[in-house]
Structure formats: C-alpha cells, structure tokens
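I have placed the structure first, in the form of structure tokens, so that the comments after it can refer back to it.
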Amino acid sequence: MIAIDGLTKVFPNPDGTEKVAVDHISFTVQPGEIYGLLGPNGAGKTTSLRMISGLLRPTAGRVLIGGQDVTERPDLVKRQIGYLTANTGLYARLTPAEVLEYFATLYDLPREVARARIRQLSDWLGMGEYLKLRCGALSTGQKQRVNIARALIADPRILVLDEPTLGLDVLSNRLILDFIRTQAAAGKAVLLSTHALDEIDMLCRRMGLIHNGRLIAEGELDVLKQQTGRQRLSEVFLQLVGASDSVFGPVTAR
C-alpha cells in the first residue's frame, strides 16, 4: 500500500523567495487499486511522484510504502517500486536485453532468474524482434515497451506511472492500458498520473486532483461527479479548478 501524509516540497527561488510546489497532500492507494492523480501543468504531480518514488526528498510529510518510510529506508523502498514515465531515457548504445540485464543486477536478481524474467516480459510485450537491436534505433512505442519491462524486471509491488502513454500511437497506448489493468488485477498498487482524462475514467475508481500544489478534491469518481453536477470527467475537472463557468456556463437543473 502507498500512504501519503502531509507531503510537501518547497524549492528556493533565485531571488531568495520560496516556491511551494507541493503543499501538504495526503491520500492512500490500496493493493489492487489504480488511483488517478490529475492536475494541470505545473500543479505538482511530477514532483509528488518523484517524492513518492524516493527520487526527491520531501521538505515535510511522509511517504509509506508497505509501511516503510521512503525517506528513512530509501534503498529498501525503491526495490518495491516500478517507476515509469513517458520520458524515461534508455541507453542508446545498449540493446533492450542489455538494459534489462543491467537493471536486473541493480535489484540483485540471480542470473537465471533475470534471464527467465526477461524472456517472460519479452514474450508478453512482443519485444522478440528487436530485443537485440540498439535502443537508439527503436520507435517511441518500442522504447516504451522496453521501459515497461525495465519497471517490471523485479516484479515490484508498487507501480508509479507518470504520463506513461504520452506521445504513443493507438496500438501502443492500448498495450499500456492493458498492462496497467493486468498489474492491478495481480494485486499491485498503481498510482497513475495522466492528462488523458478518458484513461482515468476507464481505469480508476478513485482519484485526486492537484491544483497549485494542493489536493483540492479526492475520492471516488462517481461521488465527485455527483458533487459537481457534471457527468463527463473533463467537466468535473474544470468545475473543481473553478474554470467551468467560463467554458460551459453555470450549471442548470436537469
């Protein structure tokens, strides 16, 4: 389980002032759940995900992964997390097989276990035809498949996904969504940040909305729709951030 309590991040500005990027956000993600994290650009989503994954130290608050504090036990906790973004780079001169072997060693996987895992992921993701090609020659969709395999090489209990479908074609997008469903069905806690509101609508029962660094709404999608009087998630989003009247006009009785 992921438990976020009062998570805060403050960055210093060049002029000596401070920028509060994330302001005391709290929520949980249960095993087997896909939790959606929404917000406009600059809202604090990526900063939050980096703190949750142990890549960025919080200014205040706590992140617990399976009961372990990310700040106090970073190495232990990172082994439980698969982190995937749309912009995760690959070593261009290495092949996908070599990338996966390298990350398997970082998780101290025995060689035979790592090889079996690579074969399993390659078969599942359809990477056989380019497993021995250099990553620099792969398409965007192929690179993202390699990144999925990299995130799953140690079979982590937690998945943190930051815009994983950004820039992908329809077929690659479908693969990513199927991958997310499969992992949640296997009992993993999945935290998904995306601008594609239809993906949240399809995959998530609960979501949180970050705006200006603060969690301004959190809960079940159906409840948030009832509270705002909107049925489309895009309209719910605009209503909650205070932009709906300028776009749709005021809510009227139906």
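Applying the set (1) over 30 Å from SER234 (Cα atoms); (2) in a strand (DSSP E or B); (3) in contact with a helix residue (DSSP H, G or I) (Cβ under 8 Å, 6 or more places away or on another chain) to ARG57 leaves exactly one unmet item: (2).
Among the residues making up the range 137-194, those that are modelled with pLDDT of 90 or more, within 16 Å of the chain's Cα centre (by Cα) and among the polar types (S, T, N, Q) are ASN147, THR182, GLN183, SER193.
Considered as a group, the residues in the range 229-244 that are in contact with a strand residue (DSSP E or B) (Cβ under 9 Å, 6 or more places away or on another chain) and in a helix (DSSP H, G or I) include one that is nearest to ILE34 (Cα to Cα), and that residue is LEU233.
For a quick check of your reading: which helices (runs of 4 or more DSSP H) sit entirely within the range 105-222 and have at least 1 residues that are closer than 19 Å to ILE34 by Cα?
It comes to 140-152, 170-185, 197-203.
When the test is whether a residue is hydroxyl-bearing (Ser, Thr, Tyr), more than 24 Å from THR105 (Cα to Cα) and open to solvent by 70 Å² or more (accessible area, probe 1.4 Å), THR140 passes it. When the residues of the range 23-51 are filtered to those that are closer than 18 Å to LEU240 by Cα and among the polar types (S, T, N, Q), the one that is least open to solvent (accessible area, probe 1.4 Å) is SER26. When THR105 is tested against (1) of a type in the set (Val, Ile, Thr); (2) in contact (Cβ under 8 Å) with a residue 24 or more places away in the chain; (3) closer than 30 Å to VAL63 by Cα; (4) surrounded by fewer than 17 Cβ atoms within 10 Å (Cβ to Cβ), exactly one condition is not met: (2). Could you tell me whether ARG62 is without any contact (Cβ under 8 Å) to a residue 60 or more places away in the chain, more than 17 Å from ALA154 (Cβ to Cβ) and open to solvent by 50 Å² or more (accessible area, probe 1.4 Å)? The answer is yes for ARG62. Among the residues making up the range 79-104, those that are within 20 Å of ASP155 (Cα to Cα), part of a loop (DSSP other than H, G, I, E, B) and polar (S, T, N, Q) are GLN80, THR88. Residue-level analysis places ILE153 outside the set of residues that are over 14 Å from ALA97 (Cα atoms) and touching a strand residue (DSSP E or B) at 6+ places or on another chain (Cβ under 9 Å).
The values are calculated or read from the model by the stated rules, or taken from the named source; none is laboratory data. None of these values were measured; they are calculated from a predicted model. Cβ sites come from the backbone with ideal geometry, for glycine too, and all protein chains shown count toward neighbours. Accessible surface areas use protein heavy atoms only, side chains included; no ligands, DNA or RNA. Shrake-Rupley method; radii C 1.70, N 1.55, O 1.52, S 1.80 Å.
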